[in-house]
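Undergrad: Supplied in structure tokens, the structure appears directly below.
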Amino acid sequence: MQGPVAIILAAGHGKRMKSEKAKVLHEVCGRPMIHYVVDAAREAGAQSIVVVVGAGADQVRAALADEPNVVFVTQERQLGTGDAVLSCRQLLKNYQGPAWVLVGDEPLIRPEPLADLLARRECEHVSCLLGTAVVPDPTGFGRILRDSAGRFLRIVEQRDCSPEEIAIREVNPSCYVFELPGLWDALERLDTSNAQGEYYLTDAPALLQAMGRKVIAIPVLEPDDILGVNTRRHLAQAHAIMQERIVERLLIDGVSVVDPRNTYIDGRSTIGRDTVIYPFSVISGTVSIGEGCRIGPFAHLRDGTVLGDGVEVGAFVETTRTRLDDRVHAHHLAYLGDASVGAGVNIGAGTITANYDGENKHRTEIGAHAFMGSGSIVIAPARIGARAVVGAGAVVLKNTSVEPGKTVVGVPARYVDGKK
Ligand code: UD1
Ligand code: MG
């Protein structure tokens, strides 16, 4: 296995979410949260990513099926975070080198502190680097205990804290770099003498230290990085912070988001300069928007939407798997699914591409500078030629091809010159 390795723990039940769905698959800004952790590990330099699955294992495997360099290990019973890491031992038995250990329920973790932590290893020769954070409210986290000289002593889980320890604000975000194979020796010595009767990974650093190995704890993480999602409230908080980050990046890149708090933009989308996004618009999945576009208010651009430059998509227009070339205008109330629309086309109010026949989806092609009248319906598969005109209320039947430059009207749509 090629290193550095990242081990991501994702086997827990997530009982506090009160859900049938595995916790790490709950979505933050339209994506299952585990994807963000996988991305951060990869961007920090992980060459191989091991995801420990257990509760909802099949769902988690399926969600990550397309991710390169991801392998799965099943933790048969959820006996604690220490046991979860130990279940990777067989897979990693021949691996020597550093491994991040991260948790799948911290979607806001950024790659920079992960890379920073790993870089410290090279100068310090340590068997465990513990990334920590100092937070205003440490509730729920394990606390970092240090001696009077500031050296790391151990991690204490909140439930096991004394009243003095509870007040400590330096916490364990579950962001470690361990040296393998040394870690296995410590994990073998874990026991379950704690409030939850579990094998705690959090005991491993102190055990390593007791075995004469070097452990250092460094506050490389910011409070936002480590928001752990254990409840739906946390999920909503993670969503809000992630959305702020996404919008911030767009604003820096020259995109106007008129009302960031009432706009929803998936982080996988790309948006060109001078595009303006009006409130109550939803951009979900992988969407590409060109320069100088005008989106919304109330537009819904879904996965696979590609917009050229100068495109205007207005109120209650929904697009999915659809390409709108430069200067297409779809100002009001339209559904464009599985469509390719050429440059300069006008999509009238209420235009619908009927792409789904109950079993399959079909494509609609609309040539450049065609004019789609208000309330027109195209039953896909169908093609509208360049500069053709589809009259208001016309219904273009499936397998029809309207010739370029011609006008069709009525139900079903016929050429106005009487030709069939
Ligand atoms: C854990 C840490 C705590 C830290 C916090 C940060 C331990 C004992 N405690 O607590 O110090 O402040 O994370 O978020 O490690 N998991 C498994 N298998 C298991 C149990 C858990 O894979 O048997 C996974 C979960 O899916 C989750 C992660 O490990 O992704 C952490 O488990 P969770 O129950 O959320 O631990 P916390 O109580 O948050
Ligand atoms: Mg947690």
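Undergrad: If I take every Cα pair under 8 Å that is 6 or more residues apart in the chain, average their sequence separation and divide by the length, what percent do I get for the relative contact order?
TA: Answer for the chain is 9 percent.
Undergrad: Same structure, new question: Which value, in nm² and rounded to one decimal, describes the direction-averaged projected area of the C-alpha convex hull of the range 81-123? Could the numbers behind the result be given before it?
TA: On the way: hull surface 15.5 nm².
Approximately 3.9 nm², given one-decimal rounding.
Undergrad: Lys pairs in the chain, Cα-Cα under 23 Å, at least 8 apart or on separate chains: how many?
TA: On the way: Lys15/Lys23; Lys93/Lys214; Lys361/Lys398; Lys398/Lys406; Lys398/Lys419; Lys398/Lys420; Lys406/Lys419; Lys406/Lys420.
Close lysine pairs found across the chain: 8.
Undergrad: Same structure, new question: For the chain, what Kirkwood radius comes out of the mean inverse Cα-Cα distance, in Å?
TA: Working: mean 1/r = 0.0414 Å⁻¹.
So the Kirkwood estimate lands at 24.1 Å.
Undergrad: Subtract the Cα-Cα distance of Arg233 and Glu76 from 0.36 nm times their separation in residues, and report this length gain in nm to one decimal.
TA: On the way: separation 157, 0.36 × 157 = 56.52 nm, distance 2.89 nm.
Net length gain for the segment: 53.6 nm.
Undergrad: Report the per residue volume, in Å³, of the convex hull enclosing the C-alpha atoms of the range 320-420. Provide the component values of the computation, followed by the final result.
TA: Values: hull volume 7.5 nm³, N = 101.
It comes to 74 Å³ per residue, whole-number rounded.
Undergrad: Related question: Whole Å is fine, so just give me how far the alpha carbon centre of the range 204-268 lies from that of the range 159-179.
TA: Centre-to-centre distance over Cα atoms comes out at 18 Å.
We did not get these values from a lab; they are worked out from the coordinates using the rules stated. These numbers come from a predicted model, not from an experiment.
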